[in-house]
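Just below is one structure, and these are the notes that go with it.
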Amino acid sequence: MKTKKRKKSSRMHGHGMGTHGSGSRKNKRKSGHKGGVGMSGSGKRADHKKTLITKLYGHDYFGKQGVTSRGTKKDKRQRINVGDIEKSLEKYSKKTTAGYEVKLENYKILGKGEVKNKLIVTCLEVSASAKEKIEKAGGSVSVKVIKEIVTPKIVNPKHEKKAGKK
(Lines give C-alpha, C1' and ligand atoms only; values in the text may rest on other atoms or scores of the structure.)
Protein backbone atom coordinates (compact mmCIF):
# COMPACT_ATOMS: atom_id res chain seq x y z
CA MET A 1 0.00 0.00 0.00
CA LYS A 2 1.32 3.41 -0.96
CA THR A 3 1.37 6.03 1.75
CA LYS A 4 0.11 9.49 0.96
CA LYS A 5 2.99 11.74 -0.09
CA ARG A 6 2.93 15.32 1.12
CA LYS A 7 3.36 18.11 -1.42
CA LYS A 8 6.64 20.00 -1.58
CA SER A 9 5.03 23.21 -0.41
CA SER A 10 3.95 21.66 2.89
CA ARG A 11 7.32 19.97 3.48
CA MET A 12 9.64 22.82 2.63
CA HIS A 13 8.69 25.68 4.93
CA GLY A 14 11.55 28.12 5.25
CA HIS A 15 13.78 26.52 2.63
CA GLY A 16 15.10 28.75 -0.13
CA MET A 17 13.23 31.82 -1.28
CA GLY A 18 9.85 30.17 -1.68
CA THR A 19 10.74 28.07 -4.71
CA HIS A 20 10.32 24.70 -2.96
CA GLY A 21 12.90 22.92 -5.10
CA SER A 22 11.70 23.98 -8.51
CA GLY A 23 14.59 26.23 -9.45
CA SER A 24 13.67 29.87 -9.94
CA ARG A 25 10.22 31.16 -9.11
CA LYS A 26 9.14 31.49 -12.72
CA ASN A 27 9.59 27.76 -13.34
CA LYS A 28 6.77 26.85 -10.97
CA ARG A 29 4.18 29.20 -12.38
CA LYS A 30 1.47 28.04 -14.78
CA SER A 31 2.54 25.58 -17.47
CA GLY A 32 5.48 27.36 -19.08
CA HIS A 33 8.12 24.78 -18.14
CA LYS A 34 5.93 21.73 -18.05
CA GLY A 35 5.79 21.34 -21.81
CA GLY A 36 2.70 20.75 -23.84
CA VAL A 37 -0.28 18.52 -23.45
CA GLY A 38 -0.95 15.46 -25.60
CA MET A 39 1.10 15.14 -28.78
CA SER A 40 2.81 18.53 -28.65
CA GLY A 41 6.57 18.41 -28.74
CA SER A 42 6.62 15.22 -30.78
CA GLY A 43 7.23 17.10 -33.98
CA LYS A 44 9.62 16.90 -36.86
CA ARG A 45 12.86 17.83 -35.12
CA ALA A 46 12.33 16.96 -31.48
CA ASP A 47 11.45 13.34 -30.85
CA HIS A 48 10.30 13.88 -27.29
CA LYS A 49 7.72 11.36 -26.14
CA LYS A 50 9.09 8.94 -28.74
CA THR A 51 8.59 5.83 -26.63
CA LEU A 52 5.01 6.82 -25.82
CA ILE A 53 4.16 7.44 -29.47
CA THR A 54 5.75 4.25 -30.77
CA LYS A 55 3.75 2.27 -28.23
CA LEU A 56 0.46 3.91 -29.19
CA TYR A 57 0.85 4.53 -32.90
CA GLY A 58 3.49 2.03 -33.98
CA HIS A 59 6.89 2.55 -35.58
CA ASP A 60 5.60 4.19 -38.79
CA TYR A 61 4.83 7.49 -37.04
CA PHE A 62 8.28 9.01 -37.49
CA GLY A 63 10.16 9.29 -40.77
CA LYS A 64 9.21 9.15 -44.41
CA GLN A 65 7.00 6.48 -45.92
CA GLY A 66 7.93 6.25 -49.59
CA VAL A 67 7.40 8.40 -52.64
CA THR A 68 4.51 8.60 -55.05
CA SER A 69 4.89 10.91 -57.98
CA ARG A 70 1.96 13.14 -58.78
CA GLY A 71 1.57 11.68 -62.24
CA THR A 72 1.04 8.08 -61.19
CA LYS A 73 -2.07 7.18 -59.25
CA LYS A 74 -2.99 3.72 -58.07
CA ASP A 75 -5.60 1.95 -60.13
CA LYS A 76 -8.42 1.36 -57.65
CA ARG A 77 -10.79 -0.59 -59.91
CA GLN A 78 -11.98 -3.87 -58.48
CA ARG A 79 -10.95 -6.95 -60.45
CA ILE A 80 -11.89 -10.60 -60.48
CA ASN A 81 -10.69 -13.52 -62.56
CA VAL A 82 -12.99 -15.78 -64.53
CA GLY A 83 -11.60 -18.79 -62.65
CA ASP A 84 -12.57 -17.26 -59.30
CA ILE A 85 -16.15 -16.71 -60.48
CA GLU A 86 -16.27 -20.31 -61.69
CA LYS A 87 -14.97 -21.66 -58.36
CA SER A 88 -17.54 -19.80 -56.24
CA LEU A 89 -20.66 -19.65 -58.43
CA GLU A 90 -22.99 -19.70 -55.40
CA LYS A 91 -21.43 -16.49 -54.11
CA TYR A 92 -21.40 -14.45 -57.32
CA SER A 93 -24.32 -15.77 -59.38
CA LYS A 94 -27.93 -16.89 -59.56
CA LYS A 95 -28.90 -20.02 -61.47
CA THR A 96 -31.46 -19.36 -64.20
CA THR A 97 -32.80 -21.38 -67.10
CA ALA A 98 -30.43 -19.61 -69.50
CA GLY A 99 -27.36 -20.29 -67.32
CA TYR A 100 -25.63 -18.62 -64.40
CA GLU A 101 -26.41 -14.90 -64.15
CA VAL A 102 -23.44 -12.97 -62.73
CA LYS A 103 -23.85 -9.29 -61.81
CA LEU A 104 -20.56 -7.59 -61.01
CA GLU A 105 -21.25 -4.00 -62.06
CA ASN A 106 -18.21 -2.50 -60.32
CA TYR A 107 -15.68 -5.12 -61.41
CA LYS A 108 -13.36 -5.71 -64.33
CA ILE A 109 -13.40 -9.37 -65.38
CA LEU A 110 -9.95 -10.80 -66.10
CA GLY A 111 -9.16 -13.99 -68.01
CA LYS A 112 -7.18 -16.19 -65.60
CA GLY A 113 -8.75 -19.62 -65.09
CA GLU A 114 -11.18 -21.83 -66.98
CA VAL A 115 -14.91 -21.55 -67.68
CA LYS A 116 -17.03 -24.71 -67.80
CA ASN A 117 -20.52 -23.34 -67.13
CA LYS A 118 -22.62 -20.99 -69.21
CA LEU A 119 -22.20 -17.53 -67.67
CA ILE A 120 -24.25 -14.42 -68.42
CA VAL A 121 -22.04 -11.65 -67.04
CA THR A 122 -22.82 -7.98 -66.44
CA CYS A 123 -19.70 -5.99 -65.54
CA LEU A 124 -17.93 -2.63 -65.72
CA GLU A 125 -15.12 -3.85 -68.01
CA VAL A 126 -13.90 -7.13 -69.44
CA SER A 127 -10.57 -8.25 -70.84
CA ALA A 128 -10.39 -9.79 -74.32
CA SER A 129 -9.26 -13.20 -73.02
CA ALA A 130 -12.06 -13.32 -70.42
CA LYS A 131 -14.69 -12.44 -73.03
CA GLU A 132 -13.35 -15.13 -75.35
CA LYS A 133 -13.45 -17.82 -72.62
CA ILE A 134 -16.99 -16.92 -71.51
CA GLU A 135 -18.34 -16.92 -75.08
CA LYS A 136 -16.54 -20.19 -75.88
CA ALA A 137 -18.43 -21.85 -73.00
CA GLY A 138 -21.72 -20.58 -74.47
CA GLY A 139 -22.18 -17.52 -72.25
CA SER A 140 -22.42 -13.81 -72.93
CA VAL A 141 -20.92 -10.59 -71.58
CA SER A 142 -22.61 -7.21 -71.31
CA VAL A 143 -20.49 -4.23 -70.31
CA LYS A 144 -21.97 -1.41 -68.25
CA VAL A 145 -21.85 1.80 -70.28
CA ILE A 146 -20.29 4.75 -68.49
CA LYS A 147 -21.80 8.09 -69.47
CA GLU A 148 -19.15 10.60 -70.38
CA ILE A 149 -19.59 14.06 -68.94
CA VAL A 150 -19.33 16.63 -71.69
CA THR A 151 -18.13 19.99 -70.44
CA PRO A 152 -19.37 22.96 -72.45
CA LYS A 153 -16.68 25.14 -73.96
CA ILE A 154 -16.72 28.54 -72.31
CA VAL A 155 -15.82 31.26 -74.75
CA ASN A 156 -14.67 34.63 -73.52
CA PRO A 157 -16.96 37.27 -75.13
CA LYS A 158 -14.13 39.85 -75.15
CA HIS A 159 -11.96 37.44 -77.10
CA GLU A 160 -14.72 36.91 -79.70
CA LYS A 161 -15.03 40.65 -80.34
CA LYS A 162 -11.31 40.96 -80.92
CA ALA A 163 -11.34 37.99 -83.28
CA GLY A 164 -14.27 39.46 -85.22
CA LYS A 165 -12.50 42.81 -85.82
CA LYS A 166 -9.61 41.19 -87.66
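Restricting attention to the range 6-30 and to residues that are within 28 Å of HIS48 (Cα to Cα) and basic (Lys, Arg), the residue that is modelled with the highest pLDDT turns out to be LYS7. Highlighted here are the strands (runs of 3 or more DSSP E) found entirely within the range 31-112 that include at least 2 residues which are surrounded by 10 or more Cβ atoms within 10 Å (Cβ to Cβ) and modelled with pLDDT of 85 or more: 78-81, 100-110. Within the range 73-97, the set of residues being under 28 Å from the mean Cα position of the chain (by Cα) and among the acidic types (Asp, Glu) comprises ASP75, ASP84.
The values are calculated or read from the model by the stated rules, or taken from the named source; none is laboratory data. Every value quoted in this text rests on a predicted model; they were computed, and no experiment measured them. Backbone-built Cβ (ideal geometry, glycine too); neighbour counts: all protein chains shown.
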